[in-house]
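Before any comments, here is the structure.
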Amino acid sequence: MANKQVFPTKGNLIAAKKSNALAKMGYELMDRKRNILTREMMELVEDVRMLREQITETYHRAYQALQEANITQGVITDLAEAIPIDNGIHVTYHSVMGVEIPKVHYDQNSQNKLVFCYGMEKTNSKLDYAYECFHEVKKLTITLVEVENGVYRLANAIRKSQKRANALKNIVIPGFEHDIKFITEALEEKEREEFSRQKVIKSTKGKQ
């Protein structure tokens with residue numbers, strides 16, 4: 001902005017000061033938004049860490065239970081195919097400083113009540129336990145997807161806010177301040193010249 005031609009007029013000075021004030025306000029808002037989003041993201045990051053540890057243990061337990069079920073039942077592919085597709089998931093969004101954060105909802109009946117979808121006469125407790133473990137894996141996966149997606153969206157918004165804040169702080173605001181200084185100095189110089197001119201005219205008239 002320093003290379004831009006600015007005409008030193010009072011109107012341009014007022015406009016530059018107004019734009020500079022708006023730019024500073026914008027920087028403060030961006031900085032505040034970035035801090036709020038960062039705090040929100042850090043809370044979710046801790047949740048992600050805990051969920052990943054939990055889901056790793058649950059997956060290990062589930063696959064071990066599946067292996068035991070396969071050993072005692074034989075390969076249980078037919079029984080697995082009897083389990084229906086779960087359509088009880090839907091997504092809504094809530095806004096955090098203009099960032100849309102997903103909220104994954106799981107059908108309450110499916111979430112709170114474990115329903116066995118295969119016949120009990122040809123199965124055993126090993127298979128039931130494996131089914132229960134994978135049901136827990138599903139719930140944890142849904143929660144992890146929700147939280148990780150929220151972290152990704154917040155991190156992306158933080159990067160954009162940081163970029164805009166830096167642009168305002170390092171480019172836009174200094175540019176306006178340069179213009180204000182240039183116009184102010186030019187107007188003051190013009191006023192001094194006008195004062196000197198009026199003084200010379202007055203002195204000339206006095207001599208006449």
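The values are calculated or read from the model by the stated rules, or taken from the named source; none is laboratory data. Keep in mind it's a predicted model, so treat the numbers as computed, not measured. We place every Cβ from the backbone using ideal geometry, glycine too, and count neighbours over all the protein chains shown. Note: areas computed on protein heavy atoms with side chains; ligands, DNA, RNA excluded. Shrake-Rupley method; radii C 1.70, N 1.55, O 1.52, S 1.80 Å.
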Top-ranked residue in the stretch 80-131 [being of a type in the set (Gly, Ala, Ser) and in a loop (DSSP other than H, G, I, E, B); ranked as modelled with the highest pLDDT]: Gly98
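Condition test on Lys17, is it closer than 30 Å to Phe176 by Cβ and either in contact with a Cys (Cβ under 9 Å, 6 or more places away or on another chain) or open to solvent by 100 Å² or more (accessible area, probe 1.4 Å) (or both)? Break it down into steps so the answer makes sense when it comes.
On the way: closer than 30 Å to Phe176 by Cβ: yes; either in contact with a Cys (Cβ under 9 Å, 6 or more places away or on another chain) or open to solvent by 100 Å² or more (accessible area, probe 1.4 Å) (or both): yes.
Here the answer is yes, as Lys17 does meet what is asked.
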Criterion violated by Met97 - all others in (1) under 19 Å from Glu136 (Cα atoms); (2) open to solvent by 50 Å² or more (accessible area, probe 1.4 Å); (3) of a type outside the set (Val, Ile, Thr) satisfied: (1)
Only one of (1) under 27 Å from Lys139 (Cα atoms); (2) in a helix (DSSP H, G or I); (3) open to solvent by 50 Å² or more (accessible area, probe 1.4 Å); (4) touching a helix residue (DSSP H, G or I) at 6+ places or on another chain (Cβ under 8 Å) does not apply to Asn12, and that is (1)
So which residues in the stretch 156-200 are open to solvent by less than 60 Å² (accessible area, probe 1.4 Å) and among the β-branched types (Val, Ile, Thr), if there are any at all? Ile158, Val172, Ile173, Ile180, Ile183, Thr184
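State which residue is surrounded by the most Cβ atoms within 10 Å (Cβ to Cβ) when the search covers only the stretch 20-47 and only residues that are aliphatic (A, V, I, L, M) and either within 16 Å of Ala155 (Cβ to Cβ) or touching a helix residue (DSSP H, G or I) at 6+ places or on another chain (Cβ under 7 Å) (or both). Please lay out each step first, then the result.
Within the stretch 20-47, the subset aliphatic (A, V, I, L, M) is 21-23, 25, 29-30, 36-37, 41-42, 44-45.
Next cut, either within 16 Å of Ala155 (Cβ to Cβ) or touching a helix residue (DSSP H, G or I) at 6+ places or on another chain (Cβ under 7 Å) (or both) only: 23, 30, 36-37, 41-42, 44-45.
Working: Ala23: 20, Met30: 20, Ile36: 16, Leu37: 24, Met41: 21, Met42: 12, Leu44: 21, Val45: 16.
Per the stated criteria, the residue is Leu37.
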Selected residue (criterion: surrounded by the most Cβ atoms within 10 Å (Cβ to Cβ)) from residues of the stretch 60-71 that are under 28 Å from Tyr152 (Cβ atoms) and out of contact with any helix residue (DSSP H, G or I) (no Cβ under 6 Å at 6 or more places or on another chain): Tyr63
Given the criteria at pLDDT below 90, of a type in the set (Gly, Ala, Ser) and assigned to a helix (DSSP H, G or I), does Ala62 qualify? no
